[in-house]
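Contents: one structure, followed by commentary.
The values are calculated or read from the model by the stated rules, or taken from the named source; none is laboratory data. These numbers come from a predicted model, not from an experiment. All Cβ positions, glycine included, derive from the backbone under ideal geometry; neighbour counts span all protein chains shown.
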Amino acid sequence: MYKCKEIIELTSQNMETSLPWYTRMEMKAHYLMCKTCNRYAQQLQFMNKALGVFEGHVPTENCQLSDDAKQRIAKKMCQVKETAE
Amino acid sequence: MAQQIKTAPENWLSEYGDILYRYALIRVRSEATAEDLVQETLLAGLQAVERFSGKSTVRTWLISILKHKIIDHFRKNRHEITVLNDDETAEDVLAYQFDQQGNWKINLIEWGTPEKSMDNEQFWVAFNECLSRLPQRMADLLLLRAVDGLATEECCELLGFDTDNQLWVTLSRTRVKLRQCLETNWFSKE
């Protein structure tokens with residue numbers, strides 16, 4: 001019988017590798033009995049979903065390229081364009 | 001085809017520069033490195049513009065180039081990776097959540113339908129904030145695995161884990177920390 005602390009580690013590991021069927025059975029049985037671990041597993045699933053799309057929601061407030069960097073990059077882009085033409 | 005690009009390359013920097021920069025900064029946590037990565041990305045985009053199929057948006061396309069540049073950055077700099085933060089074991093979070101027998105000490109609050117939060121830009125501010133609070137190597141690991149889908153073996157090699165098991169334990173603790181942060185900074189305030 002796994003403890004809750006072990007179940008949450010297996011819950012994460014289960015997202016990384018295929019665990020043996022008997023371990024997965026035991027986890028399922030544990031989730032049925034333990035509301036907190038069940039909730040934890042669902043929240044981890046949601047976090048994975050959010051990680052999958054977070055690059056589409058990158059906030060840029062208060063965090064912008066400096067004018068210096070912009071000028072430097074623009075100059076480089078011009079150089080590359082000119083060589084290509 | 002190039003003519004399908006709605007945003008002309010001369011506007012990339014003004015349109016997408018800040019987004020690329022912010023994404024790079026989340027991943028590498030160094031302003032100078034993030035600036036270099038934005039530059040490399042835009043230059044690579046410029047050189048590959050003929051191959052852009054127009055199937056995705058320019059923004060998505062540039063971010064995918066940036067993601068490759070970030071992985072290259074990790075590959076080039078792997079010898080520099082050191083564990084800077086002994087907080088990485090997350091024992092504090094585990095001790096807060098579990099008693100000595102390994103049973104929960106706290107109640108996890110109900111997140112309801114968390115997918116609804118994904119439409120709220122403020123949620124993403126909190127999400128990014130929580131990612132930035134993770135110790136560097138933990139964040140690197142989580143994002144290389146869950147976002148970039150890099151193989152476990154390569155993550156071990158890039159981030160200096162000796163065994164798969166060590167990596168899994170760290171990943172689990174990273175998720176514990178991120179979950180706790182999201183709960184404190186978003187779901188308990190909703």
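Filtering region B:85-107 to residues that are at pLDDT below 80, within 12 Å of chain A (Cβ to nearest Cβ) and not in a helix (DSSP H, G or I) leaves only B:90.
Among the residues that make up region A:30-38, is at least one of them under 23 Å from residue B:153 (Cα atoms), buried (at least 17 other Cβ atoms within 10 Å of the Cβ) and modelled with pLDDT of 95 or more?
No, because not a single residue in region A:30-38 is under 23 Å from residue B:153 (Cα atoms), buried (at least 17 other Cβ atoms within 10 Å of the Cβ) and modelled with pLDDT of 95 or more.
Listed conditions (1) touching a Ser or Thr at 6+ places or on another chain (Cβ under 6 Å); (2) surrounded by 20 or more Cβ atoms within 10 Å (Cβ to Cβ); (3) facing another protein chain (nearest Cβ under 7 Å) are all met by residue B:146, apart from (1).
It is to be established whether one or more residues within region A:19-40 are within 30 Å of residue B:150 (Cβ to Cβ), part of a loop (DSSP other than H, G, I, E, B) and either more than 7 Å from chain B (Cβ to nearest Cβ) or over 24 Å from the mean Cα position of the chain (by Cα) (or both). Checking region A:19-40: at least one residue is within 30 Å of residue B:150 (Cβ to Cβ), part of a loop (DSSP other than H, G, I, E, B) and either more than 7 Å from chain B (Cβ to nearest Cβ) or over 24 Å from the mean Cα position of the chain (by Cα) (or both).
Counting the residues of region B:139-174 that are under 10 Å from the mean Cα position of the chain (by Cα) and part of a helix (DSSP H, G or I) gives 8. Looking only at residues in region B:149-177 that are touching a residue at least 60 places away in the same chain (Cβ under 8 Å) and among the aliphatic types (A, V, I, L, M), which one is nearest to the other protein chains (Cβ to nearest Cβ)? This residue is B:176.
Taking the criterion of being more than 7 Å from chain A (Cβ to nearest Cβ), in contact (Cβ under 8 Å) with a residue 40 or more places away in the chain and not small (Gly, Ala, Ser), the residues of region B:123-141 that qualify are B:123, B:129, B:130, B:131, B:133, B:134, B:135, B:136, B:137, B:138, B:140. Closer than 30 Å to residue B:58 by Cβ and touching a residue at least 24 places away in the same chain (Cβ under 8 Å): is that true of residue A:62 in this structure? Answer is no for this residue. Just one residue in the set A:81, A:70, A:49, A:75 is crowded, with 18+ Cβ neighbours inside 10 Å and either modelled with pLDDT of 95 or more or not in a loop (DSSP other than H, G, I, E, B) (or both); that residue is A:70.
Taking region B:32-79 as the range and being in a loop (DSSP other than H, G, I, E, B) and either among the small types (Gly, Ala, Ser) or under 25 Å from residue A:67 (Cα atoms) (or both) as the test, the residues that pass are B:53, B:54, B:56.
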